[in-house]
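Below is one structure, written out as structure tokens, with a few remarks after it.
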Amino acid sequence: MRHFSIVVPIIMSAAAVFGTAWAADAPVPVPKANVPMVPEAGPGIFSMQKLSATKFHLVVTGHTFTSREAIEKYLAYRAADLTMNQHFPWFTFVENRKKGDTVPVPKSDPQDRSYSFRMEYFRPIWRYKITGASDWKNWSPFSGAAFFGDGTDPKSIAQFEVSADIALQKGMLNGHNPLAFDAGTLSDFLVNQVSPPQ
């Protein structure tokens, strides 16, 4: 028993020494960089202008038209991201209507439905240039005219700008307002669907 009591501490001491050495030789895991799920936009793609303490004008510019839905979703994602970065929980989309617009103003929903996933009420203003042209063409979702209803070939677009105004909001989300969007919910919904235009 005496031999056993001497051997055990020796083995345990050796294990402690070699275990420390082995641990020191083991590769140290390198933490992964915090890579954003949506890539950063290139220079000149996204811009914002602060109009007041809570109101912002957002613009997405590009040269390669993919689809109206894809580009508007990216702008909506940036609106949600801006809202959260400003420490506000939700925002309202501000409709920029003009005299003569025929599309009805959306009414409040008495059923208190969530509009964060209903992109039909996030309706930005468009303008674009055709290859070889110097003038911009304008399109408003409130005009009643079809998108590219003038016969424009999307492949001929050399440059486009999509813009929206938003107003940041505090407190409880107004679920009755079809122009109200919960920033976190909207961001989570769009994060795997969007990428910056080019």
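Key figures for this structure:
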item: Criterion violated by Lys137 - all others in (1) within 24 Å of the chain's Cα centre (by Cα); (2) surrounded by 12 or more Cβ atoms within 10 Å (Cβ to Cβ) satisfied; result: (1)
item: Count of the stretch 49-76 residues which are surrounded by 15 or more Cβ atoms within 10 Å (Cβ to Cβ) and out of contact with any Phe, Trp or Tyr (no Cβ under 9 Å at 6 or more places or on another chain); result: 2
item: Cβ pairs under 6 Å, 6+ apart, first in the stretch 38-56 and more than 18 Å from Phe91 (Cα to Cα), second of a type outside the set (Ser, Thr, Tyr) and in a strand (DSSP E or B); result: Phe46/Val60
item: Unmet requirement for Lys170, which otherwise passes all of (1) surrounded by fewer than 16 Cβ atoms within 10 Å (Cβ to Cβ); (2) more than 24 Å from the chain's Cα centre (by Cα); (3) in contact (Cβ under 8 Å) with a residue 24 or more places away in the chain; result: (2)
item: Within the stretch 159-183, tally of residues that are assigned to a strand (DSSP E or B) and at pLDDT 95 or above; result: 11
item: Checklist (1) in a loop (DSSP other than H, G, I, E, B); (2) under 30 Å from Ala158 (Cα atoms); (3) modelled with pLDDT of 95 or more; (4) out of contact with any strand residue (DSSP E or B) (no Cβ under 6 Å at 6 or more places or on another chain) applied to Ser52, failing item; result: (2)
item: Qualifying residue in the stretch 99-122 (condition: in a strand (DSSP E or B) and either of a type in the set (Val, Ile, Thr) or over 27 Å from Gly184 (Cα atoms) (or both)); result: no
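The values are calculated or read from the model by the stated rules, or taken from the named source; none is laboratory data. Owing to the predicted nature of the structure, the values given are computational and were not obtained by experimental measurement. Neighbour counts run over all protein chains shown; Cβ positions are idealised from the backbone, glycine included.
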